[in-house]
1. Can you confirm whether Phe156 is modelled with pLDDT of 85 or more and under 22 Å from the mean Cα position of the chain (by Cα)?
2. Which residues, counting only those in the stretch 241-269, are over 19 Å from Phe318 (Cα atoms), open to solvent by 40 Å² or more (accessible area, probe 1.4 Å) and not acidic (Asp, Glu)?
3. Could you give me the residue pairs with C-beta distances under 8 Å whose first residue belongs to the stretch 225-252 and is more than 15 Å from Pro302 (Cβ to Cβ), whose second residue is acidic (Asp, Glu) and open to solvent by less than 40 Å² (accessible area, probe 1.4 Å) wherever it lies, and which are 6+ apart or on separate chains?
4. Considering the stretch 120-142 alone, what residues qualify as being in contact with a Gly (Cβ under 8 Å, 6 or more places away or on another chain), among the small types (Gly, Ala, Ser), at pLDDT 80 or above and assigned to a helix (DSSP H, G or I)?
5. Which residue pairs have Cβ atoms under 9 Å apart, sit 6 or more places apart or on different chains, and have a first residue in the stretch 141-155 that is closer than 8 Å to Gln22 by Cβ and a second that is among the basic types (Lys, Arg) and open to solvent by 10 Å² or more (accessible area, probe 1.4 Å)?
6. Which of the residues spanning the stretch 176-214 are buried (at least 16 other Cβ atoms within 10 Å of the Cβ), of a type in the set (D, E, K, R) and modelled with pLDDT under 70?
7. Mind checking which helices (runs of 4 or more DSSP H) fall wholly inside the stretch 308-384 and carry at least 2 residues that are within 24 Å of Ala45 (Cβ to Cβ)?
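The values are calculated or read from the model by the stated rules, or taken from the named source; none is laboratory data. This is a predicted model, so every value here is computed, not measured. Using ideal geometry, Cβ is built from the backbone for each residue, glycine included, and neighbour counts are taken over all protein chains shown. SASA here: full protein model, heavy atoms, side chains in, ligands and nucleic acids out. Shrake-Rupley method; radii C 1.70, N 1.55, O 1.52, S 1.80 Å.
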Amino acid sequence: MSPLRLLTVLTAVNLLNFVDRQILFAVFPAIQHDLSLTDAELGLAASAFIVVYMIVTPIAGLLGDRLRRLPVAAAGVALWSLATLLSAAARSFPALLVARALVGVGESSYSPLSSAMISDAFPSEQRGSRLAIFNAAVPVGSALGYVAGAILAARFGWRAAFMIVGAPGLLLAALMLQLTEPRRGAMERDEAAVHPVRQLHLLFADPVYAITTAAMAALTFVLGALAAWMPTFLVRLHGLSLRDAGVWFGLLTAGTGLIGTALGGWLGDAAVRRRPAGHLDVSAIGLLAAAPFVGLAIAAGPGPWFWCATAIAEILVFLNVGPLNAVIVGAAAPAIRASAVAINILTIHLLGDALSPSMVGALSDRFGLRTALAIMPPMLLLSGALCLVAGRFVAAGGYRQPRRA
């Protein structure tokens, strides 16, 4: 089977993954009105998904390193699609929490197993760009979630929006079962046999893996808060309708996400051919440069300053998507790659967007939404600084360099 076919299908499923994940945020105001929820309760609804997702992901990673990965991932896709349909039936806050938690269970198997399969289908010097293609679905799927959620909710109601985006996942799950799974470690030379537990110990002792994960956690804190609250920010403080907020923010995110992710994957692969820390260099530059533009966007009133600052900030933030994921998969031996990605996901969500939506919601109830979002730029500066620190360890040899087959 062509590796490009595998990449195409996995990217399409990842697109739907983020549509189903982010559509909740596009209809926050409608759900809040219908179910009479506070901002803090809305934040908890977002956090319910993340908390369950991060808890179950390591289990899914372990299964992916021991079982065939495609069937496990396909089962997860079917489960999260059914749970998205269940969200449409929620009549109370507890029911909504349960439905979103089940979405988290389903999605937990997808990213670690898919990233591991892509790493086994392409050589190491192409991983940054191939993982950038796969992860381009993050901004584009998120944008489609905003746009589809806003348009469908405005025309048919928020319940219909969940039903319409949930159903296609069942078809994609069946399509995944028709693919051929690549062999573990197919793109690297056979290495001396090391017990998987010992390989995990070596991974955790690698400062590059640990510090890069910390950098991604700080970034995920920011992305989780902005994804959850930006449509509501536009409705409350910029006077947009729910539909316009979702559509305009979604279209902007789709365009900037594609540009930033594609550019970051290309720059990262080019930089790593010149210097082993190239992926981290590109990420650090993007994150440090993005911080002031995020601050400007939060402070700006309605008008072009907000939209220009937001566009620049998003392009710079999305530069890191392919490079940082390439660092994580490159740090792990093939036999534990799914577990390495899963543990990374657990950590970044535990310290990132499991906290930020509810934290911003609680701060917003007390101080206002603009003030609550002001904690975002310092977190981006922290993320960029950690990338620079991780790069110093790469230069000192603290990084497992993948070896070609």
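1. Numbers: modelled with pLDDT of 85 or more: yes; under 22 Å from the mean Cα position of the chain (by Cα): no.
Answer is no for this residue.
2. In the first step, residues of the stretch 241-269 are kept if they are over 19 Å from Phe318 (Cα atoms); the result is 241-247.
Checking which are open to solvent by 40 Å² or more (accessible area, probe 1.4 Å) leaves us with 241-244.
Within the stretch 241-269, Ser241, Leu242, Arg243 qualify.
3. So the pair list comes out as Ala225/Asp353; Ala227/Asp353; Ala228/Asp353.
4. Within the stretch 120-142, Ser129, Ala132, Ser142 meet the criteria.
5. Hits for this filter: Gly141/Arg21; Ser142/Arg21; Gly145/Arg21.
6. Matches in the stretch 176-214: Glu188 only.
7. Working: elements: 321-331, 337-351, 356-367, 369-372.
Fully inside the stretch 308-384 and qualifying: 337-351, 356-367, 369-372.
Condition check ((1) at pLDDT below 95; (2) of a type in the set (A, V, I, L, M); (3) within 30 Å of Phe122 (Cα to Cα)) across all residues:
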{"position": "Gly286", "(1), (2), (3)": "no, no, yes"}
{"position": "Ala291", "(1), (2), (3)": "no, yes, no"}
{"position": "Ala300", "(1), (2), (3)": "yes, yes, no"}
{"position": "Trp305", "(1), (2), (3)": "yes, no, no"}
{"position": "Glu314", "(1), (2), (3)": "yes, no, yes"}
{"position": "Val317", "(1), (2), (3)": "yes, yes, yes"}
{"position": "Asn320", "(1), (2), (3)": "yes, no, yes"}
{"position": "Pro323", "(1), (2), (3)": "yes, no, yes"}
